[in-house]
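Undergrad: Provided herewith is a single structure, encoded as structure tokens, for subsequent inquiry.
The values are calculated or read from the model by the stated rules, or taken from the named source; none is laboratory data. No experiment lies behind these values; they were computed from the predicted model shown. Every residue, glycine as well, gets a Cβ built from its backbone with ideal geometry; the counts of neighbours run over all protein chains shown.
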Amino acid sequence: MVAREQGKVMMMADSTEVPEVSWAGMVEWLTGSLVDQPVALIVEIGPNSYVSEDEDEEVVCAQIQVLADGVLMLRRSRVELGHLLLADYSAEHLTLDRWHFDGHFEDCTDGYLFSRDVNLIANTCVAWFRDNWGTRSTSELGCSYRFPDELIPSVDADDVF
């Protein structure tokens with residue numbers, strides 16, 4: 001898998017030490033990478049050869065977003081997923097561990113799931129590519145991630161005036 005960063009540096013489990021990551025290795029990498037991450041972090045996975053200029057092209061992708069209280073949201077789609085501008089990251093009234101197909105998110109063609117079970121999220125994400133779309137290996141996939149922006153920099157930030 002190829003990992004690309006947007007925004008700040010993220011400590012994710014390193015998958016570059018092995019030439020090709022197995023599907024089980026991808027689950028392990030995702031599981032380790034999603035623990036102790038900040039609310040609003042977005043991890044996106046899709047074909048590493050995809051170029052977003054062709055809006056009509058079907059593209060199989062998945063997006064994981066960190067919500068409050070250890071809850072993760074997994075969205076699956078056959079169109080490029082946008083970044084949600086959520087008004088609230090609270091998980092208080094969410095139904096966990098149940099697949100939703102209600103069309104709530106316009107760009108989410110194949111449902112979404114809320115869960116605190118990191119392994120469930122990782123396995124469901126990997127199965128989306130491996131089992132449903134015939135992706136031959138993890139080397140065909142790419143990953144990008146984006147940290148939330150901070151309104152006020154932390155006190156120990158290096159670039160404080």
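Undergrad: Name the residues in the stretch 1-45 that are part of a strand (DSSP E or B) and modelled with pLDDT of 90 or more, would you?
TA: Correct list: Ile42, Val43, Glu44, Ile45.
Undergrad: Considering only the stretch 72-90, I want to know if a residue exists there that is of a type in the set (Val, Ile, Thr), at pLDDT 95 or above and crowded, with 17+ Cβ neighbours inside 10 Å.
TA: no
Undergrad: Restricting to the stretch 46-66, and then to whatever is free of Cβ contacts under 8 Å to residues at least 24 places away in the same chain and part of a strand (DSSP E or B), can you tell me which residue is surrounded by the fewest Cβ atoms within 10 Å (Cβ to Cβ)?
TA: Across the stretch 46-66, the extreme among qualifying residues is Cys61.
Undergrad: Something else: Could you tell me which of the residues Asp69, Asp97 is assigned to a loop (DSSP other than H, G, I, E, B), more than 14 Å from the chain's Cα centre (by Cα), surrounded by fewer than 16 Cβ atoms within 10 Å (Cβ to Cβ) and at pLDDT 85 or above? Even if it seems obvious, please write down each step before you answer.
TA: Numbers: Asp69 fails: assigned to a loop (DSSP other than H, G, I, E, B).
Answer to the check: Asp97.
Undergrad: Among the numbered conditions (1) surrounded by 13 or more Cβ atoms within 10 Å (Cβ to Cβ); (2) more than 30 Å from Glu20 (Cα to Cα); (3) of a type in the set (Lys, Arg), tell me where Arg130 comes up short.
TA: (2) is the only condition that Arg130 fails.
Undergrad: Look through Arg98, Arg116, Arg136 and report the one residue that is closer than 19 Å to Leu41 by Cβ and among the basic types (Lys, Arg).
TA: So the residue among Arg98, Arg116, Arg136 that is closer than 19 Å to Leu41 by Cβ and among the basic types (Lys, Arg) is Arg116.
For (1) within 16 Å of the chain's Cα centre (by Cα); (2) on the phi > 0 side of the Ramachandran plot; (3) assigned to a loop (DSSP other than H, G, I, E, B); (4) modelled with pLDDT of 90 or more, each residue gets a yes or a no:
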position	(1), (2), (3), (4)
Phe105	yes, no, yes, no
Leu113	yes, no, no, yes
Ala122	yes, no, no, yes
Trp133	no, no, yes, no
Arg136	no, no, yes, no
Gly142	yes, no, no, yes
Tyr145	yes, no, no, yes
Asp149	no, no, yes, no
Ser154	no, no, yes, no
